[in-house]
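Below: the structure, in structure tokens.
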Amino acid sequence: MSHRAWARLVRAVATQGLLITSLAVASCSSGRGSRGQDAIQSDPDGVDSPSDVAEDTVAPEGDTIAPEGDTVATTDVESDDATCDDCDDVIDTDPPLSVCTYPFALVNPEGHTLGQGCTLDSECQYGVCMQPGDLGNEAGEDAINTKFGFCTRGCDCNADTDSRLSDEEKVDFLCYVGPPGSQGKLKYVLPRCTTVADCLDYDPNYDTCALPGGSGVFKACVAP
């Protein structure tokens with residue numbers, strides 16, 4: 001065989017071998033890809049398939065799923081039933097104040113003080129001279145004063161804090177709520193006392209130091 005013919009034979013054999021090798025590699029790669037896909041779908045060892053992973057990563061409404069290794073962030077949902085446990089605007093108030101039957105404004109600073117005897121309203125600092133028989137001072141078992149007029153004023157009424165006795169005034173006076181049967185709607189000031197001697201400082205006609213109307217905490221000067 002000539003040298004040229006031998007060279008052509010060698011090239012033909014080499015080309016055929018290269019073609020066979022390429023076909024084998026392609027077949028192997030295709031087989032591995034198919035088997036890998038089957039392994040994922042069949043889940044033979046309990047490993048989550050892509051569809052399982054997708055289902056597991058679906059976040060409930062309002063939550064956020066973070067990538068693996070990161071902190072999971074959660075969106076707080078405000079409740080419609082939220083209540084205020086510590087509010088600055090909460091106000092502690094006293095029981096409702098009644099309507100004033102008698103005025104409480106100072107109209108005559110030079111007049112008679114609370115508890116002193118009087119005959120006319122104009123004689124009193126607050127323009128009220130309560131006489132025997134006046135509303136809240138009627139004769140009877142619970143009468144406050146049936147013997148003479150005395151200066152007084154309304155108190156704890158009209159939802160007006162100015163009608164209340166000051167801390168200093170509470171030392172010497174009380175706001176009488178009565179008489180019984182008035183359901184606390186009639187209130188006026190009486191001088192406080194421990195004995196009748198305390199009452200004589202206001203007027204010599206006082207003869208009793210007792211719980212006004214037969215009830216209460218502090219005694220007051222009365223003349224039933």
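The values are calculated or read from the model by the stated rules, or taken from the named source; none is laboratory data. Remember, predicted model here, so these are calculated numbers, not experimental data. Using ideal geometry, Cβ is built from the backbone for each residue, glycine included, and neighbour counts are taken over all protein chains shown.
Tabulated data
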item	result
Answer from Ser215, Ser163 - the residue that is of a type in the set (S, T, N, Q) and surrounded by 13 or more Cβ atoms within 10 Å (Cβ to Cβ)	Ser163
Residues located in segment 207-223, provided they are free of Cβ contacts under 8 Å to residues at least 40 places away in the same chain and touching a Cys at 6+ places or on another chain (Cβ under 7 Å)	Cys209, Lys219
Subset of segment 87-117 that is at pLDDT 95 or above and not in a loop (DSSP other than H, G, I, E, B) - its residue that is nearest to Ser166 (Cα to Cα)	His112
Sole exception among (1) buried (at least 22 other Cβ atoms within 10 Å of the Cβ); (2) more than 19 Å from Pro109 (Cα to Cα); (3) not small (Gly, Ala, Ser) for Cys175, by number	(1)
Criterion (more than 35 Å from the chain's Cα centre (by Cα), buried (at least 19 other Cβ atoms within 10 Å of the Cβ) and hydrophobic (A, V, I, L, M, F, W, C)) met by exactly one of Val196, Val128	Val128
So Cys151, is it buried (at least 21 other Cβ atoms within 10 Å of the Cβ), touching a Phe, Trp or Tyr at 6+ places or on another chain (Cβ under 9 Å) and modelled with pLDDT of 95 or more	yes
